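The values are calculated or read from the model by the stated rules, or taken from the named source; none is laboratory data. Worth saying up front: this structure is predicted, and the values here are computed from it rather than measured. Reconstructed Cβ throughout: ideal geometry from the backbone, glycine too, with neighbour counts over all protein chains shown.
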Amino acid sequence: MANARIKFILMTIGLVLLASCSSNPAWMKPTGKAASVPDDSVAFSTYAEESRENIQSVLDDLRFQNGAATSPYLGGYSSKEIAKMRGPFQVPAEDNNMCWDSALGGGKGFLLIHGLTDSPYLMRNISDSLHKAYPCALIRAVLLPGHGTVSGDTLDMTYKDWVRITSYGVHSFQKMDKIKELYLAGFSTGTTLALNYMKEGSNTEKIKGLILLSAAVKAKSKFAFLSPYLRGVMDWVDKKGERDGARYESFSLNAGAEFYELTKNLTSSIYTLDVPVLMAVSADDETIDPYAARDFFCDRMVSERTLIWYQSRFTEKQALPSASCEKDIVTRQMKDLDQNYNGTSYRFTNFAHTGISMGPGDKHYGVNGKYRSCKYYEGKEDGSFKKCQNESQHSFFGETNTRYLTDQGKPGYLYLRRGTFNPDYEKLEQAMICFTTEGCDLKRVLTVDE
C-alpha cells in the first residue's frame with residue numbers, strides 16, 4: 001500500500017510538471033479584481049450591487065472581448081445575465097421594501113452560503129422556496145472571494161477570506177434588531193463555513209438552526225492532503241472550457257488546498273454543536289466523503305437533528321450508524337430509473353453532489369435547463385460531448401460513479417450528464433420549511449409521501 005501511494009505521488013508530480021508547461025487563456029489567470037470582503041459598515045444591498053458590477057466588468061474584459069456577439073456560455077447568456085446569476089443577492093432586493101409581519105415570516109433571516117467553484121446561483125432555488133413560505137423573511141446570499149468572475153481568480157483565493165465573508169453575512173443580520181431568528185443554509189463548502197462559524201464565531205446568539213446540503217467535512221479523494229504541497233508546482237487539476245454560466249468548470253490545486261485547510265481546521269478538534277440541524281447528503285457523493293459527513297452528524301450534533309440520506313441501487317454498502325443515531329436519519333430513494341417532470345421523461349440513476357440544492361424545474365440546471373454537465377466528454381473527438389448535450393433519449397442524469405453504464409451500451413444510458421438537480425427537491429423544500437417552523441413534525445413530513 002505504501003509503495004502504491006509513493007508511485008501515485010511520483011506520477012502525479014510528473015503530470016503536474018507537464019501540465020504546468022501548457023499555456024492558459026487570460027481568464028485562467030488571476031485578474032486582480034476578484035470578489036473581496038467589504039467592511040462591516042457597508043450595507044448588504046450595496047455590497048451585492050457592487051459585486052455584480054465587478055463581475056460584469058471582468059467578464060466583459062475577458063470573456064466577451066470586443067463586444068463579442070456570441071456568448072461563450074451554454075444558454076447564450078450575456079455578461080449582465082451571468083453577473084446576476086453569479087452575484088450575491090438579497091430578497092427583497094431593496095432595503096426599503098422589507099416587511100416585518102411575523103405571520104409572513106417577518107423577523108426571520110436566512111444567510112445562504114454557496115460551495116467551492118460555485119456561485120450564489122446554486123442557492124437560488126433555496127431562496128425561492130424560503131421566500132414563498134416566508135414572504136416577509138430577509139434572505140441574503142454571499143459570494144465567496146475568488147468566485148463569480150473567472151476561474152483564474154481561484155489561484156490566489158484563501159479560505160480565510162471565505163470565513164470573513166461568512167462573518168460579514170452573519171453580522172449583517174446580527175446588527176438588525178428586528179431579526180429575531182437567523183438560519184445559516186449552506187451547500188457543500190458553504191456547510192463547512194456555517195459549521196466553522198458556529199465553532200469559531202464571536203456571536204451566535206440569534207442563530208436558531210443550520211441547513212446543510214451536500215455537507216462537506218472531508219473530501220472524497222484520499223489524496224486531498226497533497227494539494228497544499230502540489231499547488232506550488234501546478235495550477236490546475238482540471239481545465240475545462242468554462243461554458244457554465246452559473247459556476248466555474250475548471251478546478252485549481254489552490255481551490256482544493258484551501259478546502260482541505262478549512263476542513264482540517266474544522267475536524268482537528270473535538271467539540272459538539274448544540275443547535276438544531278437539518279442535513280441532506282447523497283450516499284453516492286463523489287465530491288465529498290458522505291460517510292464522514294454522516295459520522296460528523298452522529299458524533300457532533302447534540303441538539304434536534306435530522307439527516308436526509310439519499311441513496312440508490314448503486315450505493316456501496318457501508319457500516320450502519322449507531323442505533324441512537326439511526327433514528328435521526330431518514331432515507332430517501334428514487335427507485336425507478338425512468339422519471340417524469342411536468343410531462344418531460346428522463347432517466348435518473350442516483351443523486352449527485354452537484355444537484356442537491358436545485359429543483360428539476362430550474363431554468364438553467366433543471367430537466368429542461370440550458371446547461372448539461374457533460375464535462376467528461378469535453379475534448380473527445382467522437383462527438384460525444386455534443387451528443388450528451390443534445391440527445392436526451394440516449395442520456396441519463398446521475399453521479400459520476402454510474403459512468404460505467406455508458407460502457408455497457410444500454411439504450412438510453414450512453415451518455416452521463418452529471419446530476420445538476422434533485423428530483424426529490426419538493427420533499428426537501430417541505431423539510432426546510434418544517435425545520436424552520438416551530439412545532440412542525442419534521443420526521444412525519446419526510447416519511448409521508450403524497
Report summary line: Reported set for the stretch 205-233 where residues are hydrophobic (A, V, I, L, M, F, W, C) and closer than 15 Å to Tyr260 by Cα is Ala215, Ala216, Val217, Ala219, Phe223, Ala224, Phe225, Leu226, Leu230
Query raised in the report: Restricting attention to the stretch 202-229, and to residues there that are out of contact with any strand residue (DSSP E or B) (no Cβ under 9 Å at 6 or more places or on another chain) and closer than 29 Å to Phe421 by Cα, which single residue is surrounded by the fewest Cβ atoms within 10 Å (Cβ to Cβ)?
Result: Lys222
Query raised in the report: Which pairs have Cβ atoms under 8 Å, sit 6 or more apart or on different chains, and link a residue in the stretch 228-244 that is farther than 22 Å from Tyr73 by Cβ and part of a loop (DSSP other than H, G, I, E, B) to one that is of a type in the set (D, E, K, R) and at pLDDT below 95?
Result: none
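Of these, Arg63, Arg124, which one is of a type in the set (D, E, K, R) and either without any contact (Cβ under 8 Å) to a residue 24 or more places away in the chain or closer than 23 Å to Glu426 by Cα (or both)? Spell out the reasoning first.
Numbers: Arg63 fails: either without any contact (Cβ under 8 Å) to a residue 24 or more places away in the chain or closer than 23 Å to Glu426 by Cα (or both).
Among Arg63, Arg124, only Arg124 is of a type in the set (D, E, K, R) and either without any contact (Cβ under 8 Å) to a residue 24 or more places away in the chain or closer than 23 Å to Glu426 by Cα (or both).
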Requested in this report: Please name all residue pairs, on different chains or six or more residues apart, with Cβ atoms under 7 Å, provided the first residue is in the stretch 78-95 and is under 14 Å from Leu122 (Cβ atoms) and among the basic types (Lys, Arg) and the second residue is part of a loop (DSSP other than H, G, I, E, B) and modelled with pLDDT of 95 or more.
Outcome: Arg86/Ser119; Arg86/Gly148; Arg86/Ala246
Query - Boolean, Ser322 is more than 30 Å from Lys206 (Cβ to Cβ), of a type in the set (Ser, Thr, Tyr) and surrounded by 19 or more Cβ atoms within 10 Å (Cβ to Cβ) - result: no
Requested in this report: Determine whether the stretch 250-265 contains at least one residue that is touching a residue at least 12 places away in the same chain (Cβ under 8 Å), in contact with a strand residue (DSSP E or B) (Cβ under 6 Å, 6 or more places away or on another chain), under 30 Å from Leu446 (Cβ atoms) and outside any loop (DSSP other than H, G, I, E, B).
Outcome: no
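Quick check on Gln311: is it touching a strand residue (DSSP E or B) at 6+ places or on another chain (Cβ under 8 Å), surrounded by fewer than 17 Cβ atoms within 10 Å (Cβ to Cβ) and within 19 Å of Glu429 (Cα to Cα)? Give the derivation first.
On the way: touching a strand residue (DSSP E or B) at 6+ places or on another chain (Cβ under 8 Å): yes; surrounded by fewer than 17 Cβ atoms within 10 Å (Cβ to Cβ): no; within 19 Å of Glu429 (Cα to Cα): yes.
Judged against the criteria, Gln311 is not a match.
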